[in-house]
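Read through the structure below, which is laid out as structure tokens, and then see the notes.
The values are calculated or read from the model by the stated rules, or taken from the named source; none is laboratory data. Everything numeric here is computed off the predicted structure, so don't read it as measured data. Because the Cβ atoms are built from the backbone with ideal geometry, glycine has one as well, and the counts that use them run over all protein chains shown.
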Amino acid sequence: MSIRLIFSAAILFGWVAASASEQDVRNQIGLGALVFSDNCIKCHQLDGYGQEKLYPSLRDPKLLADKERLIRAILHGRLAVGEVAESEGARLMPRLDFLTNEEIVAIVAFITNSWGDEVIVVSEQDVQNAR
Ligand code: HEC
């Protein structure tokens, strides 16, 4: 095999590997859109803007750059702050830890791709660790 052939094979292989992972990301975003519409839009709405005073907008670049915060919010919900938090069962956002690791990875990919500065692909292990 000539050097040139090895070289082009390496480039071709690299290209195939890159496009396969791009396809993975696209699949995750697609799954994320479905899981989001089943579990999140009733509060945060299809466009992610939420509903004033009740449900916050997810279109916040700082929030969408913080993968730990996103994973934690989805798994554990959000408690109210201050006095309300001390009253029984005050949990403004329900915990959604019945979602699988794969589904949560997909939601994070979907919302960061839709409204963040860049798509964030966390690993299923990241989600597992936060459970
Ligand atoms: C029953 C309504 C409800 C549902 C369903 C719901 N949320 Fe929320 N969500 C809320 C409320 C209310 C807050 C604000 C809580 C607070 O004030 O801290 C919130 C906050 C958040 C935050 C911001 C957390 C932070 O750190 O600021 C994220 C991210 C989020 N939700 C994502 C989701 C995703 C993704 C789903 C679907 C998997 C979802 N939520 C489903 C009501 C909901």
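Worth pointing out:
- Considering the conditions (1) touching a residue at least 24 places away in the same chain (Cβ under 8 Å); (2) surrounded by 13 or more Cβ atoms within 10 Å (Cβ to Cβ), Pro61 is excluded by exactly one of them, (2).
- Here Glu118, Glu102 are screened, and the one residue that is under 24 Å from Asp24 (Cβ atoms) and at pLDDT 95 or above is Glu102.
- Residue match in the stretch 45-54 (condition: of a type in the set (A, V, I, L, M) and within 7 Å of the ligand (Cβ to nearest atom)): yes
- Top-ranked residue of the stretch 33-54 - restricted to ones that are surrounded by 15 or more Cβ atoms within 10 Å (Cβ to Cβ) and without any contact (Cβ under 8 Å) to a residue 24 or more places away in the chain, ranked as nearest to Ala109 (Cα to Cα): His44
- Out of Gly89, Gly82, Gly30, Gly48, one residue alone is on the phi > 0 side of the Ramachandran plot and modelled with pLDDT of 80 or more. It is Gly48.
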